[in-house]
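The values are calculated or read from the model by the stated rules, or taken from the named source; none is laboratory data. Because the structure is a prediction, the values reported are computed rather than measured. In this analysis, Cβ positions are derived from the backbone assuming ideal geometry, glycine residues included, and neighbour counts consider all displayed protein chains.
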Amino acid sequence: MKLQEPLRLGDIADYLGASLKGDPEYLVTGINEIHKVDQGDITFVDNEKYYNIVLRSAASVILIDQDIEQQDGKQLLISESPFVSPVL
């Protein structure tokens, strides 16, 4: 799903109460499931066996349940429960 207007990543982190590893000024342009993501999109993962798939995806921002090392080109939002975080 593409957003009507891009959202600043720092604002998303604040809204979700998530820790941010990345650029708070980064503009998020969409929200999608892992098999539908494009660059600029945010996606989510809460199972370690899927981390590599998500980290290799086109998603620019990953809402994840563990504090992992930031990967090149990926912004991370760390939340205990990515699937129950408030809807943007």
Inset, instruction - From (1) touching a residue at least 12 places away in the same chain (Cβ under 8 Å); (2) in a loop (DSSP other than H, G, I, E, B); (3) out of contact with any Asp or Glu (no Cβ under 8 Å at 6 or more places or on another chain), pick out the condition that doesn't hold for Glu80. - result: (3)
Inset, instruction - Among the residues of the stretch 40-88, count how many are surrounded by fewer than 13 Cβ atoms within 10 Å (Cβ to Cβ) and at pLDDT 95 or above. - result: 0
Legend entry - Of the criteria (1) modelled with pLDDT of 95 or more; (2) surrounded by 14 or more Cβ atoms within 10 Å (Cβ to Cβ); (3) out of contact with any helix residue (DSSP H, G or I) (no Cβ under 9 Å at 6 or more places or on another chain), which one Glu5 fails: (2)
Legend entry - Pairs where the first residue, in the stretch 21-33, is under 16 Å from Leu3 (Cα atoms) and free of Cβ contacts under 8 Å to residues at least 60 places away in the same chain and the second is loosely packed, with under 13 Cβ neighbours inside 10 Å and among the charged types (D, E, K, R), C-beta under 6 Å, 6+ apart: Gly30/Lys2
Legend entry - Residue list for the stretch 4-35, restricted to those being in contact with a strand residue (DSSP E or B) (Cβ under 6 Å, 6 or more places away or on another chain) and more than 22 Å from Tyr51 (Cα to Cα): Pro6, Leu7, Leu27
Inset, instruction - Filter the strands (runs of 3 or more DSSP E) completely within the stretch 12-67 down to those with at least 1 residues that are aromatic (Phe, Trp, Tyr). - result: 41-45
